[in-house]
């Protein structure tokens, strides 16, 4: 379960629920989200499956559905897309991966694709001192933007994890703390975006 309040207001909020089930050598997952403002709400759903192709190689695929609603019209705009991803383990310390997200259709409304354009992402991480991981990533939307980011996670003791990171466009700084208690995981985090200000996050996970 995840909740986010951009701009620290009650008018704009993001809430989501995700469930994952182990299946054979992989996992099947479903995610639902709702966000927007009064009078214009968006609902999204992801259905995805990932599997281990090799002890050092994993791959996954997902289908994405999105709907916008306005007063008097529940399905104002409908859209769908898909994503493909792959991840490699290089030795015991390095992980590398990439994914591509493709629009399948945008079947109603203005007919414009908007945020449905293809997006390509790639990233790499390195673990050191057995308790800290450094991340770097690159996001590309052909003809639109190139964004880079980096982050650091460190484990303190057995149940606390601290994290921090940044993204260059728009300039964003973020930090957070995660606490694990038996089957529960709670994360409190926040980010500062130069263009829009602060955004707090809260996430709660239960494993059974």
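The values are calculated or read from the model by the stated rules, or taken from the named source; none is laboratory data. Worth saying up front: this structure is predicted, and the values here are computed from it rather than measured. Using ideal geometry, Cβ is built from the backbone for each residue, glycine included, and neighbour counts are taken over all protein chains shown.
Any residue at all in the stretch 129-140 that's modelled with pLDDT under 90 and in a strand (DSSP E or B)? No, every residue in the stretch 129-140 fails to be modelled with pLDDT under 90 and in a strand (DSSP E or B). For the stretch 164-199, the set of residues classified as out of contact with any strand residue (DSSP E or B) (no Cβ under 9 Å at 6 or more places or on another chain) and modelled with pLDDT of 90 or more consists of 181 only.
Of all residues in the stretch 149-159, those satisfying the criterion of being assigned to a strand (DSSP E or B) and either touching a helix residue (DSSP H, G or I) at 6+ places or on another chain (Cβ under 6 Å) or farther than 28 Å from residue 59 by Cβ (or both) are 154, 156.
Against the numbered list (1) surrounded by 14 or more Cβ atoms within 10 Å (Cβ to Cβ); (2) closer than 27 Å to residue 187 by Cα, residue 19 comes up short only at (1).
Residues are listed down the side, and each one gets a yes or a no for (1) in contact with a strand residue (DSSP E or B) (Cβ under 7 Å, 6 or more places away or on another chain); (2) farther than 15 Å from residue 101 by Cβ; (3) surrounded by fewer than 14 Cβ atoms within 10 Å (Cβ to Cβ):
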| position | (1), (2), (3) |
| --- | --- |
| 26 | yes, yes, no |
| 29 | yes, yes, no |
| 36 | yes, yes, no |
| 40 | yes, yes, yes |
| 46 | yes, no, no |
| 49 | yes, yes, no |
| 54 | no, yes, yes |
| 60 | yes, no, no |
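Okay, residues lined up against (1) assigned to a loop (DSSP other than H, G, I, E, B); (2) within 30 Å of residue 118 (Cβ to Cβ):
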residue	(1), (2)
147	no, yes
161	no, no
177	no, no
180	no, no
191	no, yes
195	yes, yes
198	no, no
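Would you call residue 90 closer than 26 Å to residue 175 by Cα and either outside the structural domain of residue 176 (by TED's automatic domain parsing) or modelled with pLDDT of 90 or more (or both)? Considered against the rule, which asks whether it is closer than 26 Å to residue 175 by Cα and either outside the structural domain of residue 176 (by TED's automatic domain parsing) or modelled with pLDDT of 90 or more (or both), residue 90 comes out as no. Does the stretch 6-28 contain any residue that is more than 25 Å from residue 121 (Cα to Cα) and touching a residue at least 60 places away in the same chain (Cβ under 8 Å)? Yes, the stretch 6-28 contains a residue that is more than 25 Å from residue 121 (Cα to Cα) and touching a residue at least 60 places away in the same chain (Cβ under 8 Å).
Report yes if residue 66 is in contact with a helix residue (DSSP H, G or I) (Cβ under 9 Å, 6 or more places away or on another chain) and surrounded by 12 or more Cβ atoms within 10 Å (Cβ to Cβ), otherwise no.
Yes: the conditions hold for residue 66.
Residue count for the stretch 161-189, restricted to those that are free of Cβ contacts under 8 Å to residues at least 24 places away in the same chain, over 22 Å from residue 208 (Cβ atoms) and either assigned by TED's automatic domain parsing to the domain that holds residue 4 or crowded, with 17+ Cβ neighbours inside 10 Å (or both): 3.
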